[in-house]
Structures are given as C-alpha cells and as structure tokens.
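All remarks here apply to the structure that follows.
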Amino acid sequence: MAEHVVHSTPTLFYVLAFVAMGYLLYNLRRLFTVQIGKAEERPLDFFGQLYNSLSFGVGQRKVYSKRFTYASIMHFLMGWGFIELLFATTVDFFTARGWFATYLPTMDTPWFAFLNDTGGIMLIAGVVMALFRRHLNIPEKLPQSNFKGRGNLFGDTGILLFLLILGVGGFLAEAARLAVERPETAQYSYIGYAISHLLSFDTWVIMKPNLWWSHAIASLLFISVLPMTKMFHALAVIINVALTNRKLRGHLRPMNVTALMEDPNMDPDEISLGVGKSSDFTWKQLLDSVACTECSRCSTVCPASSTGKLLSPMKIITDIRADLYQNTLGFGEESDLVGGRISAEELWACTTCGACMEECPVLIDHVPAITDMRRHLVLSEGMPPEQASESLEATMQNGNPWGFQKADRLKWATDVDLDLPILADKKEVDVLYWVGCAGTYDPRNQGVAQSVVKILQSAEVNFAVLGKEETCTGDSARRLGEEYLFETLAQENIATLNSYKFNTVITACPHCFNTISNEYPDFGGNYNVVHHSEFIQQLLDDGKLNPEKSLDGNVTYHDACYLGRHNDIYDAPRNVLDSVLTEESNYIELEQSKSSSFCCGAGGGNMWHEDNKGDRINVTRMEQIIDSKADKVATACSFCMIMLDDAMKVKGKEDEMVIQDIAEIIAERL
Amino acid sequence: MKIVVLVKQVFDKDSNINVSGDGVLTNREDLTLSTNESDAYALEEALQIKEKNGGEVIVVSVGNDSVLTVIKDGLAKGADRGLHVKIDNEESLDALDLAKLIHASIKDENIDMVLSGLQSDDKGNGQTGILLAELMNLSHASLVMGTEIQDDNSIRVKRELEGGWFQWTDLSLPTSLTIQSGINKPRYSSLRGIMMMKKKPIDVKSAEDLGFTALQKSKVMKMYIPEKTKETVYIEGSVNEIVDQLMDKFANEIKIF
C-alpha cells in the first residue's frame, strides 16, 4: 500500500464542503414533505428493504428493460460510474487529510486508481450516449420534459453537460496531479496517466491548482443543488425502493366502507373518500411521486398514451408531486389535484393494465394512485364515466354489469341442454367452477363456459357451479373507483362461498381470478383459486385429457394483463396450446408479449365505457396481431375475447382469422 | 321552490315475468325491483331546479316497506326528505285512489311543484300526476321535455308532441308536471350522498292515518304473457292481382290506412 500523504487539500475546501452539505440538507427537505400523507399498513422487514435498496437502487436492476436497451446501457454506465466516483470522492475526503488512513486506500493505491478511472470513463461514456440520444439520434421515444413540482435546474441537456464537466474536469485534475507528483503507481490511473503526457511538466505545474479548484468547486456546487435538478432521483429512488414492499405491488387498499358507515362519529361532510388532494394519499404514494425520475417509460408503454388518449402515467405522478410540493413548500401554482392538475378524462383513460408499473425502474405504483383518485370522483362526487354509470347501476341491481336478469344465470347451460350440478344441491364438491358474468351472459363467452364444462366432464372432475347464487366479483366496479359497490359484492360472495365446502375455485376469467384470489383475502375470503389455464395444464399433465394434436397454421397467444402482468401466469396457457399444436404448425410469439403485452383495452372498467380520443386500443392490438401474420389467436380472458373479437370485425378479418379461448381449443379436440 | 317528486317502485324493465294459469306471478323472488324509469328523470329535474333556484325536494312513494329503497335512493341523490305513504295493497289501487292518497299526504305542505314520471313501467296509466293536479287545483302539463322557471309564479315547459314536434308553454305555479324519460341525465348516487341520506328524515303515513280505509277499487282479473304469433302468407298471381290483394290486406287486416 502506498504511503499516506496529507496532500495539499486546503482547509478552505472543507469549509466550502460543509456549506455545500448544509445546502444539500436544506434541499433535502423535499423528502420530508411526504409526512402530510396518511399512514399505511406496510409491513417492512429489514433484510427485504436492504435487498431492495441494493438490488433496485444501487444495482439498478429494473433499469434494464429489453424495450429500452440503449437507455439501459446508457444509464448503467452513468449510474455505476457516478456511484463509483461518489465512493472515490468520499474516500478521498478523508484520506486527503490522513483520516482513517490505516483503513482506506489512497488515490494512488493501484486497484483504487484503476477503479476510479474506470468509473470516470463510464460516466463520460454514458453522458456522451445520453447527449447523442437526446440530440443526434433519437432511437426511441424520449422523455417528455414534464418537470412539475421540483423544477429542473440546468435542464435536461444542462445537467448532462454538468456531469461531463465533472468527469472531464476530474481527469484533468488527476492528470495534473500525476504529472506533478509522479507517484510510482501513476499508470494505474490509466486515463489520467495518458492525459498527463499531453502537456509539458511546467504547464501542468501552472495549471494544477486551477484545475483542482475548478473541479472542487464544480463538485460542491453539484452536490449542493442536486435535489433541485433531475439528479435528485439518485437519492430519492434509493429511499423509495428501500421502503417498497414488493408483495403489495398494485395492491388496492380496502376502504372498509361498511365499518365507516356504522361509525357514529363519521361526518359525511368532512370525510375524504378516495383521493382528491395530495394529503389524501399515503406517505408511500407521495414518496413514489418524489422518486419519479421522469424517464417516461411508463407513458411510452401505456396503451392509453400510445393510442392518443389524454392519459400519461408519468404526468399523473409528477402532478401528484407538484401538488405535494405546492401544499408543503409553496412551489408553483395553487390548484386542485383532481379536477385541476389532473382531469377526470385522464383518470378514466387508464385500463389498469399495469404496463407502467411493470416498466417503472423505481417501483412506482401508478395504478393504485389512479384508482384512489377515481374513488374520489365516484364516491365523493358521484361522477363515474357516463356510460359506466349504467353498468355500475346494473351491477348493483342485477349483480352483473350487463344488467341481465339474475334469474337467467344458468341460461347459457340450459339453452344447450347442459344439466349442471349446483353447489346449493351438492353442498360439498372438489371443484367450484366460477363462471363469471361474461361466461354467463356474453354470447361469445358462453361458448367458453360450455367448453370448460366439457373439459371438466371429460376429465371426470367432481365439480359444481353456483348458479343463481353467483354475482359479479366487483372487479370492474372496484377499478372504476366504486369501492362501496365492490365491498358489498365481495361480502356477499364471500358469505356464499364460506357456506359451502370445496377445495378449489376455478375460473376462465382472469379478472374474477385476480379479485377472488388476491383481493377477497382482505375481506375474509381465503380460497385456493386456480385459473382455467393452469387447471387445464394440470389435467393434461396428469393424463386426464388427451386432446387431438390438430392445431395447425400460424398460431399466437395474446397475454391478458390480469393473468400475465398482474399474476405472473405466462407459461400455463402456452403449454396448453402447445399440447395440441401439430408438427407443421407455426407458433408465433407477438412482439409485445408476456410482461410487455399490450392491453386489449377492457381492463379497469373500460369494458363499460369508451374513450373516443385517438385510436381504439383493441384495434391497435389487433393490428399488431395482423402484422405478426398469425391467423389463429388464442386468449385466456373473457374481456380480451370480447375486445379482440370486436376488433377483428372492425378490421374485416372475420373470414381469415379465428379467435378462441384455450378452453375452446382443447374442448373441440377431445 | 318546494318540489314534491312522486317515485314508484316497479319490477325491472327487463324482468322475465312468469305467470301461472290463474294469473299469479310465480317468480316474484327472482325479480329485481327498481325506480320507475321516468320517475328517475323527474327526480333529477327536481334536483336541478333546486340547485338553480334553491328550495327543497321531497320524495314521495306509496307502497309497502320495500319502497323505502327508492325513497332512500332519492335522498342519496340529493332530495331533502322522504315521505312513505304506507299501504300493503298498492297494486290494487286505481289511479284516482292513488292520487287521493297522495293528495291527503301532501296537502298540508305549501308546495310549488309536483314532478312525476310520465307513466309507470308496470301499469302505464299515466294519470296520477294529472289527477293530483285536479285534486289540488294545480296547473299541469304532461310529456314534459324541458323546464325553465320564469319567476316565483310561473314556469315555462317544453312538451313533446307527436311527429317530432315540441311545444313551449307557460304555466302558473303551483303546477304538476309529468316528465318524459330523456329530459336530463340522472345522476349517480355517490357514497357521500348515501352517507348523508342516513341523516335525512323519512316521514311515514299510513292510509288509515290519512283517513282512508278499505281502498280497493280495481282487481286484477287475469294476467298472462302475450302470445307471440307469426303467420306467413304467400300471395300469388299477376302483379296487379298481388297489388290488389296486398292493398286489401293493408286496409282490412293490418288496418294501416
């Protein structure tokens, strides 16, 4: 180890450094604004949080995305380069004065010297890539500058140039030091060493103090104003991901409306229902907004944004932050949050498909925030989208959003002479088949329900249906912000389900599946729920079904958001399809598939109302399918079926294409 | 402006009603009850008039305890108080008795307006609002598609005529208007509204309280589902013969002339 030398870092530098740190701390008050948010039940565990901050924060695990490869590499170079230099600077802060000298390396320790130059070159390379991306070659949709709330000191390009100045300035200062001091290990600082040969010794001697001071002052300035620039995310993100419980991703918080209604102290004039202003959010939701880096990946992948609707998930998050900073720090203009900064039209355009959350590198939960604001519109203002209010009223009256009669719950079966076992008669059964409102009433999905029954009968499964006792699970109502209706339906269904004995609930509808398996536990309903794709796969694996291998042609599978992104079920439906593909068939994976699948447009209650702005989401998805040359499209979702079937007709492809549920595909081959 | 809205609870429009041979409903428990469609528009119109001009909206419904649902829905949407005229055999009242009963229940209120739906989705008499006007000596208009309060004593209403025509007419207040569906967009009940509803008063008056006993002037003799029939007739012959036969059928069988 090289000998520690107290080099000539002047005391003035330390004075300035403490001033800079002080200003940094003052600027960090932004982080504490989230205290105006509500408390939330958020079980945290130390190791989980540490893992998150190392993996998603320092490690930037989710910065990598195959849809943004260039930007991912660019950010890794900048991010890790920056972190390395921060480490180097911190070490030097101490060793320059000889503090902790026994434990710390010096700038001339070979490995440290090598590491530091590598960090510097990474930062510069990343910055150059970013400048190239922003100004010369735009390889993908660039972040729209939307810097609401925190400001963007120096601007998007300015901050890159600042980083470049820091990187280059560091190398020059280093080169001067190496040229003048000539340490034995100089060559390990390979960049600085190379630069040190470019000028004469005398020139370096003259320039050395100037270079050192300019680099020092630039660095201190950078640190002190960091929270006022785009770079604030470097700090805010680490804190946000550290406090994120990934098990609760996309989780909609129950409001316990029933309890609220019974509370004698509740004042209907005063109580806030849903989120109408930033202080109605929880502190964690506010921290999400503080952490937003404005990379705009969410808006790029959002099916509503990309088909020309008013919604931009990034704008929603930055608007929340703007509102937060306005109310706490007095930044910017005063305005209402919902109905002011954020319009109802933006909120209703969301399909809750989760593409934004999937792509967000800093683990922001956009969908629950949007749903919370929808709750305000519906529960507080009584303003659901006009068309959707009819289906909400129908759900309230008739237990299904179509408004068909409860008495006709079994018509889909009796019309084709299926005599179904009813759970009320059997009391106890192995499998409860939850048909769902689409399977019950929608003509296209009735065929799917009939196929499921054929499969169950063929595999001799001991099953029953609820018949008239089944009502809507409340998925659409909940996502439309109608938590009261949802809670009523959930309680009703849970009471029904709890009165019988069964081992498994199966359903062909991913929305019913998601609601019963992930949301009913919050209301006391805990069941073993299996989506029909997994159930059929199990039957196939167990040899209980032997469908003919006769599916040929160009086959593809469209991932449903509530099966894929929301529940990570990607393989089961593909395996089911695979079991009937012929040798000659050509299975095509869509470009936007699995976790980057493109929504059909029906999620989030958007099945029940139409946003006429821009293109129709289902038609856009159909165009992607047509471009893939697939002519046989498999789905595993009732809503996707309706939307794609409709889009196929809009495109005039009904004679050339077939859209089928995986259950239909299997059933007709038994 | 003190406005009374008459709201009736009826079977859901799309209900599949099953009737046995002796004219008894056999699937009552399967049928969904809801607010009569045009009454929902009448309520919305009343709420909008109140919002613009101030005042009070009172929701009145006649029937057994089940009608409390439609009264509460009206209160949740913004009406100020409810009045439940309690009677078990509402179905057997004729329109005049119903109007008399309602009259007795609201005559002490110093009302400016009675709004009701044009007709009920079940019996479809379309008379209650008009008979009430007569009993209470109010001006009246039916098939109302628009309202404009002129001053404290008059209102201008838009009435729907046949063939796509409309009529604007001025009426003196107090008045009774029967409202056509489609006049406005009925609002959605917010949870806040439902919470507030719990604190709003609902008066209950029985037929006996109002001095009526043994009201039953009409009786359902028979109830049946209309039979759908379909007949196809081939008309043959020369063009002239076909035209003659067609004209004869139009004039004498289908009676379209």
Practice problem: Evaluate 2.2 N^0.38 Å with N set to the residue count of the protein assembly as shown, then give the Cα radius of gyration divided by it. | Solution: 1.21
Self-check item: Alpha-carbon spread of the stretch B:112-257, three principal axes, descending order, Å
Solution: 75, 41, 38
Practice problem: Specify the residue with the greatest mean-square fluctuation among B:131, B:75, B:210, computed from a Gaussian network of chain B linking alpha-carbon atoms under 10 Å apart. | Solution: B:210
Quiz item: Under unit Cβ charges (Lys, Arg +1; Asp, Glu -1), what dipole magnitude, rounded to 20 debye, does chain A have relative to its Cα centre?
Solution: 2200
Practice problem: May I ask you to give the average projected area over all directions of the convex hull of the Cα atoms of the stretch A:5-126, in nm² rounded to one decimal? | Solution: 11.3
Practice problem: Send over the per residue convex hull volume for the stretch A:11-242, Cα only, as a whole number of Å³. | Solution: 161
Exercise. For the stretch A:590-629, list log₁₀ I(q)/I(0) at each q in 0.21, 0.25, 0.28 Å⁻¹, using the Debye formula over Cα point scatterers of equal strength and ignoring solvent, two decimals each.
Key: -0.70, -0.89, -1.00
Quiz item: If all Cα-Cα distances of the stretch A:151-220 are sorted into 10 Å bins from 0 onward, what percent lands in each bin, rounded to whole numbers?
Solution: 22, 44, 23, 10, 1
Self-check item: Contact order normalised by residue count of the stretch A:554-667, Cα under 8 Å, 6+ apart, percent
Solution: 35
Quiz prompt | Other-chain or far-sequence residues with amide H under 5 Å of residue B:146's (modelled H) | solution = B:158
Quiz item: Once the other residues with Cβ under 12 Å from the Cβ of residue A:45 are scored (Lys, Arg +1; Asp, Glu -1), what is the net sum?
Solution: +3
Quiz item: Can you tell me the Rg and Dmax of the stretch B:2-206, counting just the alpha carbons, in angstroms?
Solution: 16.6, 55
Exercise. Sort A:376, A:197 so that the residue with the fewest other Cβ atoms within 10 Å of its own Cβ comes first and the one with the most comes last.
Key: A:197, A:376
Quiz prompt | Cα long-axis angle, helix A:638-650 against chain A (0 to 90 degrees, to the nearest 10) | solution = 90
Quiz item: So what's the angle, to the nearest 10 degrees on a 0 to 90 scale, between helix A:366-375 and the longest Cα principal axis of chain A?
Solution: 60
Quiz item: Once you wrap a convex hull around the alpha carbon atoms of the stretch A:307-405, what is its projected area averaged over all directions, in nm²?
Solution: 8.0
Quiz item: Given Cα pairs under 8 Å that are at least 6 residues apart, what percent is the relative contact order of chain A?
Solution: 13
Quiz item: Could you give the longest part of chain B that holds none of the GluC sites (Glu not before Pro) found in DSSP loops with at most 11 neighbouring Cβ atoms within 10 Å?
Solution: B:1-207
Quiz item: Hey, rough spin-label estimate for residue A:541 and residue B:153, points 7 angstrom out along Cα→Cβ, what's it come to in nanometres?
Solution: 8.5
Practice problem: Can you quote the Å³ per residue value for the convex hull of the Cα atoms in the stretch B:58-135, rounded to an integer? | Solution: 97
Exercise. Have a look at the stretch A:344-463 and give its Rg and Dmax from the Cα atoms, expressed in angstrom.
Key: 19.2, 54
Exercise. Take every DSSP beta bridge whose two residues both sit in chain B, then give the antiparallel share in percent to the nearest 5.
Key: 35
Exercise. Quick one: pull the percentage of alpha-carbon pairs in the stretch A:389-541 with a separation above 19 Å.
Key: 50
Exercise. Could you state, as a whole-number percent, how many of the C-alpha pairs of the stretch A:32-76 are farther apart than 13 Å?
Key: 68
Exercise. Please return the longest stretch of chain A lacking exposed loop sites, where chymotrypsin sites (Phe, Trp or Tyr not before Pro) count only if DSSP places them in a loop and at most 13 other Cβ atoms lie within 10 Å.
Key: A:104-670
Quiz item: Any idea which of A:527, A:502, A:424 is furthest toward the positive side of the dipole for chain A, if Lys and Arg beta-carbons carry +1 and Asp and Glu beta-carbons -1?
Solution: A:527
Quiz item: Taking the alpha-carbon centroid of each part, what is the distance from the stretch B:1-72 to the stretch A:399-426 in angstrom?
Solution: 28
Practice problem: Would you compute, from DSSP H runs of 4+ residues alone, the mean residue ellipticity of chain B at 222 nm, taking -39500 (n - 2.57) per run and dividing by the full residue count, rounded to the nearest 500? | Solution: -7500 deg cm²/dmol
Quiz item: Average projected area of the Cα convex hull of the stretch A:396-482, in nm²?
Solution: 6.0
Self-check item: Candidates B:102, B:130, B:87: whichever shows maximal mean-square fluctuation once chain B is modelled as a Gaussian network with Cα springs under 10 Å
Solution: B:87
Practice problem: Starting from the Cα of residue A:54, move 7 Å in the Cα-to-Cβ direction to define the label point; list residues of the stretch A:239-266 whose amide nitrogen is under 18 Å from there. | Solution: A:239-246
Quiz item: Could you state the principal axis extents of the C-alpha atoms in the stretch B:75-182, from the largest down, to the nearest angstrom?
Solution: 40, 32, 30
Quiz item: How many Å³ per residue does the convex hull of the Cα positions in the stretch A:554-667 occupy?
Solution: 104
Exercise. Name every cysteine in chain A that ends up alone, with no second cysteine's Cβ under 4.7 Å, or say none.
Key: A:292, A:295, A:302, A:350, A:360, A:437, A:472
Practice problem: Quantify how much of the Cα-Cα distance distribution of the stretch A:249-383 extends past 20 Å, in percent. | Solution: 45
Quiz item: With the contact rule set at Cα under 8 Å and sequence spacing of 6 or more, what percent relative contact order holds for the stretch A:249-383?
Solution: 36
Exercise. Identify the GluC sites (Glu not before Pro) of the stretch A:216-312 meeting these criteria: DSSP loop state and at most 14 other C-beta atoms within 10 Å of the C-beta.
Key: A:270
Quiz item: the stretch B:169-208 to the stretch A:19-85: how many Å between their Cα centroids?
Solution: 55
Quiz item: What is the Cα centroid distance between the stretch A:621-670 and the stretch A:429-500, reported in whole angstrom?
Solution: 23
Quiz item: Once both axes come from the Cα atoms, what is the angle between helix A:11-27 and the longest principal axis of chain A, in degrees from 0 to 90, rounded to 10?
Solution: 20
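No value in this document is a laboratory result; all are computed from the given coordinates. Remember, it's a predicted structure, so these values are computed and weren't measured experimentally. Every residue, glycine as well, gets a Cβ built from its backbone with ideal geometry; the counts of neighbours run over all protein chains shown.
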